[in-house]
Amino acid sequence: MKWFWYASPETFYPLARRIALACGVAAAALAVAGLYVGLIVAPTDAQQGEVYRIIFIHVPAAWMSMFIYVMMAFWAALGLALNTRLSGMMARALAPTGALFTFIALWTGALWGRPTWGTYWVWDARLTSELILLFLYLGFIALQASIDDRRRSDRAGAVLAIVGVVNIPIIYYSVQWWNTLHQGASVSFTRAPSMAATMFAGMILMALAFWMYSIAVSLVRVRCMIREGG
Amino acid sequence: MNNWFIWGSYGVTFLVLALEIIFLIKRTRETKT
């Protein structure tokens, strides 16, 4: 892979189209499979009944909201260090999709909270830190839009993105560090998932679908930015 | 009643994702001309 060759927007442009197309097709196929497993194959939960099926949207969206932010900060930092145009574009292209997934995580969380906790919202550490993540995304987008000089706006956005990364471990560990209404992690790298295999499979399929979707739309957005001149 | 919460989640999710795609298609067309 010729990394430095593809660091130029002009050479990256045709490659982005091919990757976006492949990821778009993969996202659609994975979403169909995920929805089939999640809504039809997965059994009804013994305690929550059918409403638990929100998990197949809520958890993957929450994962993506955090992962996209880390990727956005990575590209922003790379742009700050190497002064590459494409890095700034990648960071800018990821922000709207990240904000969207953060909104989806909050929205589905509220609709899941009402029947299970009895409320749409509580100022719980997990929910509040996720809301702060949405504000960080919106702040990043607003800051980029408010500065006309692209190099300067990329630098200012990069500082905000890098500082905001501190919120990601706070979101992830909030359920361990504080007493929260939000439940602890059901899936971890260090132990087996605490749910039925089909439920876990549906969640992973939807997470992969969201992942592929995010890559596809971000690359299409980068291509638009390249055509607009940066 | 619980079905409303499920379809409210799935409906809004796919609606906002579809909106993002529509806006991107619009932007793509505008930048190509």
*asked:* Looking at A:L136, A:L160, A:L127, A:L131 in this structure, which one is part of a helix (DSSP H, G or I), farther than 24 Å from A:A207 by Cα and not polar (S, T, N, Q)?
replied: A:L160
*Of (1) within 18 Å of A:V51 (Cβ to Cβ); (2) of a type in the set (A, V, I, L, M, F, W, C); (3) free of Cβ contacts under 8 Å to residues at least 60 places away in the same chain, A:W117 satisfies all except one. Which?*
(3)
*Check the stretch A:76-85 and report whether any residue there is buried (at least 23 other Cβ atoms within 10 Å of the Cβ), part of a helix (DSSP H, G or I) and either away from chain B (no Cβ under 13 Å) or not β-branched (V, I, T) (or both).*
yes
*Is the stretch A:52-75 home to any residue that is buried (at least 16 other Cβ atoms within 10 Å of the Cβ) and in contact with a strand residue (DSSP E or B) (Cβ under 8 Å, 6 or more places away or on another chain)?*
yes
_So A:A145, is it touching a helix residue (DSSP H, G or I) at 6+ places or on another chain (Cβ under 6 Å), on the phi < 0 side of the Ramachandran plot and either not in a helix (DSSP H, G or I) or not hydroxyl-bearing (S, T, Y) (or both)_ = no
_Top-ranked residue in the stretch A:98-122 [being over 24 Å from A:A161 (Cα atoms) and either touching a strand residue (DSSP E or B) at 6+ places or on another chain (Cβ under 6 Å) or among the polar types (S, T, N, Q) (or both); ranked as surrounded by the most Cβ atoms within 10 Å (Cβ to Cβ)]_ = A:T108
_All positions within the stretch A:193-230 that are under 22 Å from A:R151 (Cβ atoms) and either facing chain B (nearest Cβ under 10 Å) or assigned to a helix (DSSP H, G or I) (or both)_ = A:S218, A:R221, A:V222, A:R223, A:C224, A:M225, A:I226, A:R227, A:E228, A:G229
*Of the conditions (1) within 14 Å of chain B (Cβ to nearest Cβ); (2) surrounded by 13 or more Cβ atoms within 10 Å (Cβ to Cβ); (3) of a type in the set (S, T, Y); (4) free of Cβ contacts under 8 Å to residues at least 40 places away in the same chain, A:T44 clears all except one; give me its number.*
(2)
*So A:E50 clears everything in (1) free of Cβ contacts under 8 Å to residues at least 12 places away in the same chain; (2) more than 10 Å from chain B (Cβ to nearest Cβ) except one condition, right? Which one?*
(2)
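In this structure, is A:A125 within 15 Å of the chain's Cα centre (by Cα) and crowded, with 19+ Cβ neighbours inside 10 Å?
no
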*Sort out which residues of the stretch B:4-16 are within 7 Å of another protein chain (Cβ to nearest Cβ) and either out of contact with any Ser or Thr (no Cβ under 7 Å at 6 or more places or on another chain) or in contact (Cβ under 8 Å) with a residue 60 or more places away in the chain (or both), and write them in order of number.*
B:F5, B:I6, B:G8, B:Y10, B:V12, B:V16
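Every number here is computed from the coordinates shown, using simple stated rules; none is lab data. Being a predicted model, the structure only gives us computed values, none of them experimental. Heads up, the Cβs are rebuilt from the backbone with ideal geometry, glycines too, and the neighbour counts pull from every protein chain shown.
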